1. Give me the helices (runs of 4 or more DSSP H) completely within the stretch 58-152, filtered to those with at least 3 residues that are touching a helix residue (DSSP H, G or I) at 6+ places or on another chain (Cβ under 9 Å) and farther than 19 Å from residue 12 by Cβ, ordered by residue number.
2. Out of the stretch 80-89, which residues are surrounded by 19 or more Cβ atoms within 10 Å (Cβ to Cβ) and within 17 Å of residue 40 (Cα to Cα)?
3. If I go through the stretch 42-57 residue by residue, how many of them are in contact with a helix residue (DSSP H, G or I) (Cβ under 7 Å, 6 or more places away or on another chain) and part of a helix (DSSP H, G or I)?
4. Exactly one of these conditions fails for residue 33: (1) out of contact with any strand residue (DSSP E or B) (no Cβ under 6 Å at 6 or more places or on another chain); (2) outside any loop (DSSP other than H, G, I, E, B). Give me its number.
5. Quick check on the stretch 1-23: of everything there that is surrounded by fewer than 20 Cβ atoms within 10 Å (Cβ to Cβ) and modelled with pLDDT of 95 or more, which residue is nearest to residue 133 (Cα to Cα)?
6. Could you please find all residues in the stretch 55-79 being surrounded by 14 or more Cβ atoms within 10 Å (Cβ to Cβ) and in contact (Cβ under 8 Å) with a residue 60 or more places away in the chain?
7. State all residues of the stretch 80-91 that are in contact (Cβ under 8 Å) with a residue 40 or more places away in the chain and in contact with a strand residue (DSSP E or B) (Cβ under 8 Å, 6 or more places away or on another chain); if no residue qualifies, say none.
8. Here are some residues: 111, 52. Which one is without any contact (Cβ under 8 Å) to a residue 24 or more places away in the chain, within 17 Å of residue 141 (Cβ to Cβ) and more than 12 Å from the chain's Cα centre (by Cα)?
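The values are calculated or read from the model by the stated rules, or taken from the named source; none is laboratory data. Keep in mind it's a predicted model, so treat the numbers as computed, not measured. Every residue, glycine among them, receives a Cβ derived from its backbone with ideal geometry; neighbour counts consider all protein chains shown.
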């Protein structure tokens, strides 16, 4: 049986595409399906931010084929686990849930690791250093997720 994991941030152009690509790189694709979405529809159909694409490429991960999409209520049915990048997006997703079993699927991404930081900062308005830092935060969390999924 395939485990389906959804990564969510605000616009689905910076953090969640990185999380999708990083986790895909750490798991067996026959056992784990990974996707990403945004809580806002600002960039539907667009590629991830070029800075996310570049930092992922630096570490051997190609996210350039991804296209942004907006989170929808059907995602609660389609996915087993939903990881969000920050508390604002967590609250937005929880507000769309219709039952407790939906809410049980939603978790802050950084609550999965040993980081003291619980939110992945949005690097959009900063420079390349912010994307580098965000990559490492997400990478560490995805390492923990991959270990817990026991798939590679």
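1. Helices (runs of 4 or more DSSP H) meeting the threshold: 100-103, 128-149.
2. Matches in the stretch 80-89: 82, 83, 84, 85, 86, 89.
3. 4
4. (1)
5. Residues of the stretch 1-23 surrounded by fewer than 20 Cβ atoms within 10 Å (Cβ to Cβ): 1-4.
Cutting the leftovers down to modelled with pLDDT of 95 or more gives us 3-4.
Details: 3: 28, 4: 26 Å.
Only one residue fits best here, namely 4.
6. If the condition is that a residue be surrounded by 14 or more Cβ atoms within 10 Å (Cβ to Cβ) and in contact (Cβ under 8 Å) with a residue 60 or more places away in the chain, then 55, 56, 59, 71, 75, 79 are the ones that fit.
7. Matches in the stretch 80-91: 80, 81, 82, 83, 84, 85, 86, 89.
8. After ruling out the rest, the residue left standing is 111.
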